[in-house]
Amino acid sequence: MRLSPPLPEPPAIAAAVVWLPSRRQTAADALADGRLDEQMAARLGYREVAESTDRAAPEMAVLAAQKALAEAGWAADDLGIVVHSWLYHQGHDFWSPPHYVAHQVGAHDALPVGVQQTSNGCVAALEVAVSRLAADPAVDRCLVTTADRFCGPGFDRWRTDFDVVYGDAATALLLTRTGGPYRLLSIASVSAPAFEVVYRGDDAFSDAPLAHSSPIDVRRGKLAFRGSGEMLRFVATVRDSVRRAVQQALADAGLTPDDPRVRYLTLPRIGSGAQAELFAVPIKEVGLRHAEVIDLGRDTGHLGAGDSIANLADLHAADRLAPGEVALLLNVGNGFTWSCIAVRRE
């Protein structure tokens with residue numbers, strides 16, 4: 001997404017926050033309970049993941065949004081759009097969580113919009129907000145939220161999937177035309193929808209949620225895909241798509257890989273083994289001479305739809321970027337889509 005006119009300059013990010021519950025589940029406990037074995041624990045690389053025992057995902061989203069609004073000094077009544085994204089169950093069936101978020105924060109005149117693009121949801125939601133900001137002069141302030149809670153009985157955060165352990169969290173990002181600590185320079189996405197089958201496997205379409213298994217068993221679909229003989233092509237596609245997304249984000253932001261202002265590239269919070277196998281090669285091929293590649297998820301787990309916003313929030317909390325410096329936020333969602341966001345510290 002080239003962030004060009006009708007916006008006279010790149011939109012500003014007024015706040016980016018992550019809200020994490022205080023409770024943690026540790027890898028050591030999962031090993032002791034038999035939910036992990038030593039080999040898988042080493043491949044995943046997580047020390048612990050966040051766990052919400054009392055708050056549903058939309059409730060966490062409200063807390064993250066309130067924190068972001070307070071940091072920016074914004075009134076919720078000034079919001080023109082609220083875009084909420086999620087990966088897993090939001091606490092009610094046949095119901096609209098984005099309307100709940102807007103209602104609870106007091107954004108009574110905002111348009112609530114829901115976005116589901118699996119783990120790439122924060123990027124898709126941000127694209128919706130940017131598009132609305134560009135298309136509607138009446139909208140000046142946008143709220144993007146994500147939230148997920150991966151609890152039983154429908155989900156086993158340690159064993160539902162391969163190469164990912166899922167943590168509970170919410171994120172919030174405020175977008176406007178001017179005024180904020182960051183500028184959103186570009187968003188680049190590359191998709192390969194032929195690989196939606198990786199998470200579908202050989203299962204027939206069901207008539208209701210959890211009809212195939214409870215808890216959800218993503219591993220079954222992935223094992224079926226591995227038996228199809230397409231794994232090598234999938235890995236090649238992942239690497240090519242990651243490289244293209246990063247290169248396009250840089251180009252759209254008017255940057256080159258050797259620009260010293262590009263200081264960080266953050267990884268999606270998946271398992272460290274998958275990070276190394278799928279991302280290390282294409283990132284090296286891009287040739288980022290001055291950027292440090294960082295992984296911020298070992299003590300949170302994969303945060304569903306919210307990894308990239310959480311990564312920006314952590315960069316901001318640690319004051320890692322100096323004025324004029326740029327971070328690249330790399331993200332991925334099954335289906336598959338790979339995205340890269342370029343942000344500059346003002």
Completion exercise
Row for the chain, column shape: gyration tensor on C-alpha, a ≥ b ≥ c, rounded if a/c < 1.5 i.e. under 1.5, prolate if a/b over b/c, else oblate; value oblate
Fill in the blank from the handout: antiparallel share of DSSP beta bridges within the chain, to nearest 5, in %, is 65
Exercise for the section: Could you run the Karplus curve 6.51 cos²θ - 1.76 cosθ + 1.60 with θ = phi - 60° over the stretch 50-66 and give me ³J(HN,Hα) per residue in whole Hz, x for Gly and Pro? Expected result: 6, 9, 9, 9, 9, 10, 6, 4, x, 5, 5, 4, 4, 5, 5, 5, 4
Completion exercise
Restricting to Cα pairs under 8 Å and 6 or more apart, the percent relative contact order of the stretch 211-346 works out to 28
Completion exercise
A correct Karplus calculation of ³J(HN,Hα) over the stretch 143-151, with 6.51 cos²θ - 1.76 cosθ + 1.60, θ = phi - 60°, whole Hz and x for Gly and Pro, returns 10, 10, 10, 9, 6, 8, 10, 9, 10
Practice task
Output ³J(HN,Hα) for the stretch 222-231: one whole-Hz value per residue in order, computed from phi by the Karplus curve 6.51 cos²θ - 1.76 cosθ + 1.60 with θ = phi - 60°, and x for Gly and Pro.
Solution key: 5, 5, 4, 5, 4, x, 7, x, 9, 5
Problem - Beta bridge orientation in the stretch 185-345: antiparallel %, DSSP, nearest 5 - result: 65
Problem - Shape of the stretch 185-345, Cα gyration tensor, a/c cut at 1.5 - result: prolate
Fill in the blank from the handout: Dividing the mean separation of Cα pairs under 8 Å (6+ apart) by the residue count of the stretch 1-91 yields a relative contact order in percent of 31
Practice task
Show the residues, 5+ positions off or on another chain, whose built amide H is closer than 5 Å to the amide H of Val113.
Solution key: Val82, Val83, His84
Handout entry: Where N is the number of residues in the stretch 125-186, Cα Rg divided by 2.2 N^0.38 Å
Key = 1.57
Exercise for the section: Just report the Cα centroid separation between the stretch 118-166 and the stretch 227-301, whole Å. Expected result: 20
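Every number in this text was worked out from the coordinates using simple rules, so none of it is lab data. These numbers were taken from a predicted model, which means no experiment stands behind them.
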